[in-house]
Amino acid sequence: MTEQYSVRYLVRRLFMLMGESPRMTIVGAITILSSIGFSLALPLLIRTLINNGVATGNMRVVTELGIAIIIVSFLSAGSAYLRGVTTQWIGERVSYGLRNRIFRHLEALSFTFYDSAQSGQLLSIITEDVRNIRRFYSPALRMLFQTSVLLIGSAIIMFTLDWKLALVVLVMVPVLLAITLYFGSRVRPRYLRTQRQFGEAMSVVQENLAGARLVRAFGRERFEEAKFLAAGDALFDRQIEASRLSTFANANMPFITGIGTVLIVALGAWQVINGQLQVGTLLAFYLYLQQLTDPIRQIGPIMNNVALALASTERIYELLARRSLITTPATPHTPTTVQGDVQFREVSFAYSRGGREVLRDISISAPPGTIIGLVGATGSGKTSIVQLLARFYDVSRGQVLIDGVDVREWDLPTLRSNVGFVLQETFLFSDSIRDNIAYGRPEATDEEIVAAAKAAQAHDFISRMPEGYDTILGERGVNLSGGQKQRLAIARALLLNPRILVLDEATSSVDMETEREIQVALATLMAGRTTFIIAQRVSSVLNADQICVLAKGQIVERGTHRELVELAGLYRRTYDLQTRDADIVERLALND
Amino acid sequence: MAMATTKQNPSPQYRSIDNRETDLGSGLNRQSLRRLFGYLKPYRWQALVALAAISVQTLGELALPRLLGLIIDGATSAAQSSGSAREAGTRSLMITVGIFIACIIGVFFARWLQGATTTRIGYRVIFDLRFDLFKHMQLIGLRSLDRLGVGRLISRIQSDVSVLQDLLTDGVIGLFADLLVLVGIIVAMLLLDVELALLTFAILPIMIGIVLVWRRYAIPVYRALRVATSRLTGYSAESISGMRVIQSFRRELENFERFERLNREVYTTNTLAIRLNSALAPAVEMLSGTATVIILVVGGHRAIAGGLTIGALTAFIGYINRFFSPVRTLSERYNSLQSATVAAERIFEVLDEELEITDQPGAYDLPAIVGQVAFEHVTFGYTDRPVITDLNLTIEPGMTVAFVGPTGAGKSSIINLVPRFYDVWSGRVAIDGHDIREVTLASLRRQFGIVLQDTFLFSTTIGENIRYGRLDATDEEVAAAAKAVGIHDFIESLPTGYKTKVGERGSGLSVGQRQLISFARVMLANPRIVILDEATSSVDTQTEQIVQEALRRTLQGRTALVIAHRLSTIIEADLIAVIDQGRIVEQGRHSELLERRGAYYRLYTAAQLQEKLEAVEQEQPDTIV
């Protein structure tokens, strides 16, 4: 646990969450108290039945107390049921609320957050950590409360019954507690090591399967087996190491209570012989000791639960404390129509405050309907520019203006609905084709969806699918080719009908043949919109009104294709290199 | 003596019913259970020790209530007598206490021994099972691997085996102990007092009835809960990885609504489950309370009448306290046994996965080859539709063949047939005249170097990743291979050089660098035949040049089958095979194919020229050429 929050703060948080359901909390506490009260009464009743009934030969007492015991045990069972339902319900209610809060919060966090977040970790917060917190309420908190009430209650009763025997029992309690906590703290790190080693063994498996083709290609099956065997052996050793302690601890606990029982029985018998104790009281002591043993044994695991819950609470609140810096201002700009005029004014940008500037003094002027090409090597800052445009990040210096208004003054949803993206990797959800196209506009009619698909040259292949627009995509559904995915992305953008369009390496992951197929769709999409085309292939930006050549975050050359070729700079060199092969083709073809 | 638990849970985790994997299938599959127990066979002696230990433990524990009764009776009668009788009584009482202590110590050792043995056996068997699975996964053909899915296989070896671990450590021994306790108590009660014993047993059918009714309600609820939970997790996972898209399309509200619906479903189902799992324990408590009262009242009356001692009555109460818990746990164990059989079935499904590609009987080692590859009338497909039809092609040693054609034409399928990742439907693939199905797989695949489109790197050092090509290569040889493909300088520039760890799947390196590492791997392996699926994703211009040069060197002097995406690779190839719909529609060298003005000409000139011509039309022509 990183000590960012104090344990007290975290515990208070957990109690505050519980306080959100005050009625159930009170009912829960009452049922715990009553169920403990009833179970404390039972040994007493049995004692009286034996001492005043059986031992003295009083039949009436036996019958009356018998009825009383039945009533009490029914009441006890009833309150135990209510106790279980209420305490678990509190945990469930808290988890439900937390999951909603976390999900909402995740939706509100900006790209900056997702740049450094690992999606596996986020998922485990919403599943594992929430579950750990649920277990804090039930069983952990319930058991702790229950056990302390039980301990105090039985201590009082036992002392009033016979203080000597009570002392014997109560000496046992700290011994048991100490042993539980001692072994708990020794076993825990070993168990953690086991888990870590398990993770390692599993990552061998995962890599082996993910790289199956490679393993087979190099005939490395034996080598892989040896790798797995080594990891498995280490795991086995860790497991044995951990279990050696825990099996000893497991055997120890009943042993200690057994010794306690012997002491009580021997001492009690001695007192019975001397007439200082009645047998019924001895039996009651025996029963109290039995009642106490199990809860005390559970304290070790319960403390584990608490520790886990605290760590999880910390992780969750750390996440919830992350604020998105990108929010709609108090008086947002919400125009009814958008022209699509984009201006970058001396924009500088770094992904993290004080970090390396990935963009420096970028100025671009894009009047409505123009095409801007952004070219440059990987990491030159092309993608950062368009992300600033939709305000996925905020600039460090300078301004991005759309229709003359700083994007930071825009209403965020309005801004983003006017910027459409077609990215290199199309993210499709495991949903129907229809829903994937209508992703940006869930209210779109079927006609609109089909029209968009047609314009994106996607209608034909969709219609050929057995279930057409209802075909489910993704892991359990149909897999599409790169070109098909790209066309769905284009249809999605068309349906959204944004004034400003960003094509980020939209065609770089498909082969040339497919690229040609989607060019037509792209041309339809770009018509009449301000378009930013990001590309490594110079050939994709030949038609741009203005091409900006980026190197290390700066625009080093700018102009139309013709101007840049004449300039004979970086662009020209890149262009020559990339088209050299094509030139060969061309010459050969022309000479033919 | 108190505790009835025989649980030897290696984890200190508290387990409640709602987080237990309870896959309540329709019944038990005896066959897979039997097979599962086959895994216990090598450890039968240890298993016998464990059984003996748990018998001792159970008997010792069962003796305690009776001993307590005897002590109470002894004390009572000693209290009532005097003189030498009292002394004799006290002495025999001390002996009983001594036996009591001996029992506790005996139980302690038995429990310890039992715990240590069972967990050891459990871990051992699990280890064997995992290793068997892993070994089998190495042999499963790629087609089955694709079909089964990496995620599913991992969950077999990870979660399903873990479910069995619980069964093997806790379940089997626990089941035995429960039965032993049940039988032991029945015998002990009958020995103590037949009438009281029969009265107690009368409660048993009610108990069993309650458990059965409970199960009927609980099973569908738990199943629904599992479904709801996995839906919620799936949706969360998808949303988290697609969060940028969600935000780009302003879907926050819709997606939250959907999440909330799924979340609510989990919540309501869980509320039901909570009611169910809170009901069983109190019901048992109620019954055992009733039984206690019956015994107390009936026994109490008899004791007053003189037919029963108080000690015997006490012993009875002690036994009743333990009598009902095995009945309850037996039902729980039945559940875990069921989920274990489901898990076992899933595991055996993988183990029984037929190996479509294995060494044929009489397969021989492929002798040293020169590297001629021949496809003779090859037809092949993945499902019922062929993707390659009657393919004929002979590749002479040292030749580079570039396969070109539209996506889905069958290029990948062709090159996958050569290292026998898949078997042909008809015809044959031969290397130096040896049908590849007649030689051993290991000797066949040793001949290849393979570079895949998506370079796979293991999360270990860069050096080890290159060494994967030849495990016994020295550091110098690894460096030489890296030099040959032009990545040595880059690696050396890293702070820890060849010892630099690369992340999962090679993260931290660029696409180009990863490709170069995979070239180095092949250089080190020095195979006769290279199979290469060029990456489509473009790398920056400088890296591109290095990659092209490295490629040239890697292919030099070897037979190469290349799915080409770079024009330079195609132009330099000794033979270009244009593939369309599983057939070779054209083959020849670049210039020949262009002259032919056929499919190849159309494929490559069209795309390039169109763009160029458009540009030419717009610009002054002389700036272009």
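The values are calculated or read from the model by the stated rules, or taken from the named source; none is laboratory data. The structure presented is a predicted model; accordingly, all values stated were derived computationally and were not measured. A quick note on method: Cβ atoms are made from the backbone with ideal geometry, for glycine too, and the neighbour counts reach across all protein chains shown.
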Suppose we filter region A:149-191 for residues that are of a type outside the set (A, V, I, L, M), surrounded by fewer than 19 Cβ atoms within 10 Å (Cβ to Cβ), in contact (Cβ under 8 Å) with a residue 40 or more places away in the chain and more than 27 Å from A:S243 (Cβ to Cβ); how many remain?
2
Within region A:266-288, residues being farther than 18 Å from B:T90 by Cβ and at the interface with another protein chain (Cβ under 7 Å from one of its Cβ atoms) number 2
If we ask which residues in region A:210-256 are within 30 Å of B:R147 (Cβ to Cβ) and in contact (Cβ under 8 Å) with a residue 12 or more places away in the chain, their number turns out to be 6
Taking the options B:L196, B:L175, B:L191, B:L179, name whichever one is among the hydrophobic types (A, V, I, L, M, F, W, C), surrounded by fewer than 16 Cβ atoms within 10 Å (Cβ to Cβ) and in contact with a Lys or Arg (Cβ under 9 Å, 6 or more places away or on another chain).
B:L191
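Looking only at residues that are within 28 Å of the chain's Cα centre (by Cα) and of a type outside the set (S, T, Y) in region A:399-419, which one is nearest to A:L525 (Cα to Cα)?
In the first step, residues of region A:399-419 are kept if they are within 28 Å of the chain's Cα centre (by Cα); the result is A:412-413, A:416-417.
Imposing the further condition that a residue be of a type outside the set (S, T, Y) reduces the set to A:412-413, A:416.
Details: A:L412: 23, A:P413: 21, A:R416: 17 Å.
Across region A:399-419, the extreme among qualifying residues is A:R416.
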Quick check: is even one residue across region A:365-377 within 30 Å of A:A506 (Cβ to Cβ) and at the interface with chain B (Cβ under 9 Å from one of its Cβ atoms)?
yes
For region B:116-152, name all the residues that are among the small types (G, A, S) and facing chain A (nearest Cβ under 7 Å).
B:A116
Index of the failed condition, A:F145 passing every other in (1) of a type outside the set (D, E); (2) within 14 Å of another protein chain (Cβ to nearest Cβ); (3) closer than 30 Å to A:N100 by Cα; (4) surrounded by fewer than 23 Cβ atoms within 10 Å (Cβ to Cβ):
(2)
Subset of region B:71-88, residues at the interface with chain A (Cβ under 10 Å from one of its Cβ atoms) and either under 15 Å from A:G268 (Cα atoms) or out of contact with any helix residue (DSSP H, G or I) (no Cβ under 7 Å at 6 or more places or on another chain) (or both), comes to B:I71, B:I72, B:D73, B:G74, B:A75, B:T76, B:S77, B:A78, B:A79, B:Q80
Could you grab me the full set of residues in region A:30-75 that are of a type in the set (V, I, T), crowded, with 21+ Cβ neighbours inside 10 Å and either more than 9 Å from chain B (Cβ to nearest Cβ) or assigned to a loop (DSSP other than H, G, I, E, B) (or both)?
A:T31, A:I32, A:I36
Candidates B:A520, B:A535, filtered to the one that is at pLDDT 80 or above, within 14 Å of chain A (Cβ to nearest Cβ) and either in a helix (DSSP H, G or I) or crowded, with 16+ Cβ neighbours inside 10 Å (or both):
B:A520
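Which residue out of B:T400, B:T379, B:T455 is within 14 Å of chain A (Cβ to nearest Cβ) and touching a residue at least 24 places away in the same chain (Cβ under 8 Å)?
On the way: B:T400 fails: within 14 Å of chain A (Cβ to nearest Cβ); B:T379 fails: within 14 Å of chain A (Cβ to nearest Cβ).
The match here is B:T455.
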Do any strands (runs of 3 or more DSSP E) lying entirely in region B:368-443 carry at least 2 residues that are within 25 Å of A:G482 (Cα to Cα) and over 37 Å from the mean Cα position of the chain (by Cα), and which ones are they?
B:400-404
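When you scan region A:516-569, how many residues do you find that are in a loop (DSSP other than H, G, I, E, B) and farther than 26 Å from A:A350 by Cα?
Result for region A:516-569: 10.
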What is the residue count in region B:289-327 for residues that are among the β-branched types (V, I, T) and over 16 Å from B:L199 (Cβ atoms)?
5
Could you go through region B:241-253 and let me know if any residue there is surrounded by fewer than 18 Cβ atoms within 10 Å (Cβ to Cβ), more than 7 Å from every other protein chain (Cβ to nearest Cβ), in contact (Cβ under 8 Å) with a residue 12 or more places away in the chain and assigned to a helix (DSSP H, G or I).
no
Would you pick out the residues in region A:200-214 that are more than 7 Å from chain B (Cβ to nearest Cβ) and buried (at least 22 other Cβ atoms within 10 Å of the Cβ)?
A:A201, A:N208
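Condition first: without any contact (Cβ under 8 Å) to a residue 12 or more places away in the chain and farther than 16 Å from B:Y235 by Cβ. Now tell me which residues in region A:121-147 satisfy that. Before you say what the answer is, go through the steps one by one.
Initially, region A:121-147 is screened for residues without any contact (Cβ under 8 Å) to a residue 12 or more places away in the chain, giving A:121, A:123-124, A:127.
The one that is without any contact (Cβ under 8 Å) to a residue 12 or more places away in the chain and farther than 16 Å from B:Y235 by Cβ: A:Q121.
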